[in-house]
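The values are calculated or read from the model by the stated rules, or taken from the named source; none is laboratory data. What you see is a predicted model, and the numbers here were worked out from it, not measured in a lab. Here Cβ is always computed from backbone atoms with ideal geometry, including for glycine, and neighbour counts include all displayed protein chains. Note: areas computed on protein heavy atoms with side chains; ligands, DNA, RNA excluded. Shrake-Rupley method; radii C 1.70, N 1.55, O 1.52, S 1.80 Å.
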Amino acid sequence: MSESPEQVTVTLLGKSHQFSCTPGQQQALIDAVDLLNGRVDEMRQRDTVRSDHNALLLAALHLCHELLALQSDTQQAQQTLLQLTQRISTQVESN
């Protein structure tokens, strides 16, 4: 039997929003909202950002860019680990 989703109320752009999440994930949702709110505030500080909508879009784009960069870094690290593992295996087999 799966547990039913829990309702979590958070504040984003100064307004309350209610989201469903799986039990045990409430803090992760709250942390994500806090991160997004922080990024939106950073975007609002820029002279070129004139609306909440633009600040939210810019914050989302920045977070997506960072995610893609981290995924690329992770992929490169996995490739390096695979190569090292293959080298070690080859050296162990030759001994």
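Could you tell me the accessible area of Leu29 in Å² (1.4 Å probe, neighbours in place), rounded to the nearest ten?
Number for this one is 40 Å².
Give me the percent of accessible area attributable to carbon and sulfur for the chain, probe 1.4 angstrom.
About 54 percent, which is the carbon plus sulfur part of the accessible surface.
Relative contact order of the chain, please, whole-number percent, based on alpha carbon pairs below 8 angstrom and at least 6 residues apart.
This gives 16 percent for the chain.
Taking a label point 7 Å from the Cα of Glu3 along the Cα→Cβ vector, which residues of the range 13-43 have an amide N closer than 13 Å to it?
So the set is 21-28.
For Arg50, Arg44, write out the residues from largest to smallest accessible area, computed with a 1.4 angstrom probe and no ligands counted.
My answer, sorted largest first, is Arg50, Arg44.
Using the 2.2 N^0.38 Å rule of thumb for compact globular proteins, work out how the range 6-94 stacks up: its C-alpha Rg over that value, please.
My calculation over the Cα atoms of the range 6-94 gives 1.68.
What ranking of Arg87, Arg39, Arg46 comes out by heavy-atom accessible area, probe 1.4 Å, highest first?
Order by accessible area, largest first: Arg87, Arg46, Arg39.
Which listed residue (Leu84, Val10, Leu61) has the Cα farthest towards the positive end of the charge dipole for the chain, taking +1 on Lys and Arg C-beta and -1 on Asp and Glu C-beta about the Cα centre?
It is Leu61.
If I fit a long axis through the Cα atoms of helix 26-44 and take the longest principal axis of the Cα atoms of the chain, what angle between them do I get, 0 to 90°, rounded to 10?
That helix lies at roughly 70 degrees to the long axis.
Dipole size in debye (nearest 20) for the chain around its Cα centre, Lys and Arg Cβ +1, Asp and Glu Cβ -1?
Dipole magnitude for the chain comes out near 240 debye.
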